[in-house]
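Where a number appears in this text, it was derived from the coordinates with a stated rule and is not lab data. What you see is a predicted model; the values in this text were computed from it and never measured. Counting neighbours? That spans all protein chains shown, and the Cβs are built from the backbone with ideal geometry, glycine included.
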Amino acid sequence: MKSKSAIRLGLFAKLYLILAFTTILLIWLVTQVTNFIEAKQSMIAPEHRETLRGYALQASELLENNDIAELESWADALRKKENTLVAVLKTTSHWLAAEVEKEMFDGVVDLTIGRHLDYPIHLYLNYNPIMKVPIPDSQYNLMIQLPQRMRPGVYWQFINTGIQLGFPIFLVALTCLVIYRNIISPLRVMQRATKQMTRGDFNVRLESDLGHRRDEFSDLGKSFDQMAERINILIQRQKQLIQDISHELRTPITRIKLVLNDSEENPQFKRVEQEVNGMQSLLEDTLTLSWLNNQDSNHYKDLKIEDVDLTALIEAIADDASFEFPHHELILLIPNSFVIKNSNHRAIGQGIENIIRNAMKYSEVGTQIEVKLSRIMRDENDDNALDWVRIEISDHGRGIDGRYLEEIFQPFFRIDGARAKDVTEESNKSEGYGLGLALTKRQIETIGGYIRAEHNQPCGLRFVIDLPVE
C-alpha cells in the first residue's frame, strides 16, 4: 500500500545529499579511470614486443652457427642502434624449498633478473627496466634495456593531469547546474507570479508549480498563495466598497441638485451647487474606474468597437482645450488623417483630453503644449511592428520627481506641491481628486494600448501613448 505522506527533505538535506553523492562519485570515478588508463598505458605496444622478439630470433640464428664473434658484433650493432644495453646470457634459478605456481609467471617459472615482455612497466620509474626475451631453440635469453622509443606511457603525465583536473571540473559544473536548477527554478516561478500580481492578477497561485516539492520552497509557495488569496479578497472588497458607496451617494446628490435648482438665486446656494457638482464628478469617475478595473485589459468586448480618426479626434479636443485655456499655445504635429481600426472613440478621447487639460492646467501661462502623432516600431522582431501609432503630449510645466512617474497613474494619488500651482482665472475648476490619470491608463489599456510618463527636456512632462493600428 502506497504511503500517503512522502518523505520530507529540507533544502539543506537535498544540498548535502547532492554534494556528498558528487564527492563520492568523483573519488570513485577518478580512481577507476586512472587505474584503467594506467594499466593500458603500462603495457609495451604490440609492435614493440614483436620487434624485441625479432631481435631474439636474430640471436637464435647466430647461436645456431655457433659464431660467437658474429654474435658479439651483432649485439654491439644493436646496442648502437637502440642506444641501450644489450647482452645474451643464460640465467638459472636454484630452488631450496617450497614450490611456486607457474601461473604466477605466465607458465614459465623463472625468478632471475629481467622483466617479461607481457608484464606492465611502472610508469613512475625514472629509468627503463631490463627486458628478458627468451631466444628460441636455446637456453639463452636476450637481455636488453627497454629502448626509450619503446617506453610506454609517453603521454601518461598529460592524461593523468587531465583526469585529475577534468573530472572534478566537469562534476563540479554538473553539481552546480543541479543545485542551480533546484534553487533557481522555483525562484523563477515566484518571479513570474509576482510579476502577474504586479500587473493586477491576484488569482495567481504557486501550488500547482511548487506543490510537488517538499522543502522550504513549498512552504514559501503556500505562504505566497495565502498572501495572494488575502490580497485578492481585500482588493475585491475595496472595489466593491467603492462601487457601493458611489451608488449609494448618487441618489442623495441628485436630490440635493434638484433642491438647489428649485431654490432662489443665492451666492451660498451657488457655492453648494459647485461643491455638489464636484462630488458628482468624483462619483462618476469612481464608478467608471471601478468598471474598468473589473475588465480584462486585453479584451474590450464590452466596449463599442469602431474605427477612429485620431487626427479629427485630437483636433476636436484641442479646439475645446484652447477655448478653455486661451492663454496657452497648443501645437499639433499630426498628419491630415490617421484612422485606426477596432478601437473605441470614447476611451481614446477621454484619455487624451484628460492629459491635454492637465498639461494646460499645470503649465505656466504662455508656454507651449505639443501633441505629436506618428507611426512607431515597437518590436523589430515582430512582423506587425509598424502596426502601432504613438501619441506624445508634452508640456513645459514644473514636472514631477522621477519616483512619481509610475505612481501618478494610481487612483487618488496626488503630489503635494510637485505640479501644484494656483489655478488661473481662466479655469475655475479644482485640481481634481487624483482619478484622471488612473482613468486614462485603464481606458488606454482596455483598448490594448500602453501609456507612460517621462521627463520632457528641458522641463515639464511628456505622456507617451501607444495604440494598435488594427
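For Thr311 and Leu57, calculate 0.36 nm times their separation in residues minus their Cα-Cα distance, and state this gained length in nm to one decimal.
Stretched out fully, the Thr311 to Leu57 stretch lengthens by 80.8 nm.
Round to the nearest 0.05 the FRET efficiency obtained for Glu364 and Arg192 when R0 = 45 Å and r is the Cβ-Cβ distance.
Efficiency, from the Cβ-Cβ distance: 0.50.
Full-extension gain between Glu229 and Arg214, please, as 0.36 nm times their residue separation minus the C-alpha to C-alpha distance.
Working: separation 15, 0.36 × 15 = 5.40 nm, distance 2.14 nm.
Stretched out fully, the Glu229 to Arg214 stretch lengthens by 3.3 nm.
Which three extents, in whole angstrom, do the alpha-carbon atoms of segment 118-235 cover along their principal axes, largest first?
Taking the Cα atoms of segment 118-235, the three principal extents are 104, 22, 18 Å.
With a 10 Å Cβ neighbour count serving as the proxy for reagent exposure, in which order, fewest first, do His48, His122 appear?
Final ranking by Cβ density, sparse to dense: His122, His48.
Over segment 35-78, what portion of Cα pair distances is larger than 12 Å, expressed as a whole percent?
Beyond 12 Å sits 68 percent of the P(r) for segment 35-78.
Note the full-extension length gain between Leu25 and Asp401 as 0.36 nm times their separation in residues minus their Cα-Cα distance, in nm to one decimal.
Details: separation 376, 0.36 × 376 = 135.36 nm, distance 5.82 nm.
Additional length available on full extension: 129.5 nm.
Hey, fewest Cβ within 10 Å first, where do Lys372, Lys361, Lys341 land in order?
In increasing order of surrounding Cβ atoms, one gets Lys341, Lys372, Lys361.
Give me Val365, Val86, Val276 sorted ascending by neighbouring Cβ count inside 10 Å, so fewest comes first.
Val365, Val276, Val86
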